[in-house]
Structures are given as C-alpha cells and as structure tokens.
C-alpha cells in the first residue's frame, strides 16, 4: 500500500491559491497511480490546468462546448476536409459518436499514431485531433447538465501500465461527491460507453475495456445512488447480451470484472465545503502527496 496518506491539490486564480486535502484510499491501485504521477511530473507539465467542467451556468457550458468543438473541426478541415459535419446541438449524440470515430481513426489507438494522415499533418492538426476527443466529452457533459468535475492529465506520458486482476476488486459502481477517480486512458470505448452512446460508427477495434492506467485522474463533485447503478448495470448487461457473439469472439465473457469496470476511486476530499474554494479557483497549480 502507499507510503502517503494525503493528496494535496493547489487550486488558484489570478489573485491567490488554496490547497485542498484529499485522503488517499487504501488499495492496491493508489501506489501504482502515485508512481505514475511522480514519473509524469518529472517530464511533463499538466496539459490543461483549467480543464474544469460544470463551473458556470449551463448556458455558458453549452456555448463554450459548441465553440471549442467546431474550432477543432475547422482547424482539421482547413488542412484537409476529412470531417463532414459540424455540431449545432450538444444533445446530438449521433454526431458526437461520428466525431469521436474521426478522432479514433485519424489519431490512432493508444500510443499508436500510425495513420498516414497523422504522419503528414502538422502539430496544430495533431493538437486539434486530440482536443476533438476532449471536446466530444465536454459536449456530452453539457448535455447531461454539466455536472461539476475537473480533470488532470499528462498526455505525453506513455500509457504502458496495465491493471492487475486483483485491482478490479476496488472499482465501484457508484460515484461519490469529492472523490478522485483514475482516468480511463484508452482510445476507444468501454462496454458502459457503448451502452450509453449507442455508437454505430465505432469499429471492432474501438472497444477497449479499462485495462491501462496512467497518472491521469478526475475529481467528481456529484454522486450517483444504488438504484442508478443497478439500472445502468442492467442496461450494460442487456447490451452485452445483444452483442454477445462480438464480445466472445474477442475473448470477453460476461462475468469478467474488466468488462464492467469504470469507476476506480483513489482519494476522497476531506471537507466538501472546500468546493466553494475550488469554484473560485478553477486552475490546478500543483499536485503533491504527503
């Protein structure tokens, strides 16, 4: 288990900063994740310290999401018109699925940027393709009412570490306010994602269970309850049953813990009242442990 007991995140604005303490969970995943964070910090800055969702009015969230995703589309299409749609409504899940497929196809799978389009396009297009994925999820968040969360990533760190079978015992089916969760770092979709999105564009290789982990994490500021988890689990099971042949051909069988693994808790906020401090300082200045 970890030698540390606390995660300290320093949030800042233009005037001051505030450290929010989180108590680390006592599980087999936490020390692995801490090692990844420290390795990332030795080489890379946080990608986007201001990657906060849901802080502000829902109207602002929708407008900002649409603006950012269409900017990505324009940058990519100005180099070569490979995207045939723009997004005008965050509730248009079909177009979001289509755009996510564009990202998967032209960006490439996890640490495999080998598409010929990628090899001949400039860094500005590489960045726009990577941001297209983020913007898809930002739009989906806005469509869900923009629940509050923030995400911390170090994209440059190679995603080479895999979870052990016993790690899946610590995944949970519900979300808790103020809990830090391990990020899904695959390029693709989990079984839960496929169920929720009803994605008709994703290729066979796009199904990626939660196998790999990295330093990346998110902090959620909303909760789900047991009834919601039960309903979601039932939907996932039904989706699996309807596509059982596909999954079994890839070696996945119902009952494999990795199939339904989505929420991996790492730490819990010490005092939820600190959310007021975070709301006024939507920028991550530092991440440390003690």
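So the values come out like this:
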{"read-out": "Residue within the range 62-72 that is within 18 Å of the chain's Cα centre (by Cα) and closer than 24 Å to residue 273 by Cβ present", "value": "no"}
{"read-out": "Residue identified as under 17 Å from residue 183 (Cα atoms) and in the same structural domain as residue 224 (by TED's automatic domain parsing) among 276, 268", "value": "268"}
{"read-out": "Complete set of residues in the range 167-212 that are surrounded by fewer than 20 Cβ atoms within 10 Å (Cβ to Cβ) and assigned to a strand (DSSP E or B)", "value": "172, 212"}
{"read-out": "Where residue 101 falls short, out of the listed (1) over 16 Å from residue 180 (Cα atoms); (2) at pLDDT 95 or above; (3) in contact with a helix residue (DSSP H, G or I) (Cβ under 9 Å, 6 or more places away or on another chain)", "value": "(2)"}
{"read-out": "Residues of the range 105-115 satisfying the condition of being at pLDDT below 85 and in a helix (DSSP H, G or I)", "value": "107"}
{"read-out": "Per-region count, the range 6-28, residues under 25 Å from residue 137 (Cα atoms) and either touching a helix residue (DSSP H, G or I) at 6+ places or on another chain (Cβ under 7 Å) or assigned to a helix (DSSP H, G or I) (or both)", "value": "1"}
{"read-out": "Some residue of the range 79-91 being under 20 Å from the mean Cα position of the chain (by Cα) and not assigned by TED's automatic domain parsing to the domain that holds residue 279", "value": "yes"}
{"read-out": "Selection within the range 119-129 - buried (at least 16 other Cβ atoms within 10 Å of the Cβ) and either in the same structural domain as residue 277 (by TED's automatic domain parsing) or in a helix (DSSP H, G or I) (or both)", "value": "125, 128, 129"}
{"read-out": "Search result, residues across the range 262-280 that are touching a helix residue (DSSP H, G or I) at 6+ places or on another chain (Cβ under 9 Å) and at pLDDT 95 or above", "value": "264, 265, 266, 267, 269"}
{"read-out": "Hits in the range 5-45 (condition: over 17 Å from residue 179 (Cα atoms), surrounded by 15 or more Cβ atoms within 10 Å (Cβ to Cβ) and in contact with a strand residue (DSSP E or B) (Cβ under 6 Å, 6 or more places away or on another chain))", "value": "12, 18"}
{"read-out": "Residue 159 being at pLDDT below 95, touching a strand residue (DSSP E or B) at 6+ places or on another chain (Cβ under 7 Å), at negative phi and surrounded by fewer than 20 Cβ atoms within 10 Å (Cβ to Cβ)", "value": "yes"}
{"read-out": "Those residues of the range 52-93 which are assigned to a loop (DSSP other than H, G, I, E, B) and at pLDDT below 95, in sequence order", "value": "54, 55, 56, 57"}
{"read-out": "Residue within the range 234-247 that is on the phi < 0 side of the Ramachandran plot, assigned by TED's automatic domain parsing to the domain that holds residue 283, part of a loop (DSSP other than H, G, I, E, B) and in contact with a strand residue (DSSP E or B) (Cβ under 7 Å, 6 or more places away or on another chain) present", "value": "no"}
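The values are calculated or read from the model by the stated rules, or taken from the named source; none is laboratory data. All values reported here derive from a predicted model rather than from experimental measurement. A quick note on method: Cβ atoms are made from the backbone with ideal geometry, for glycine too, and the neighbour counts reach across all protein chains shown.
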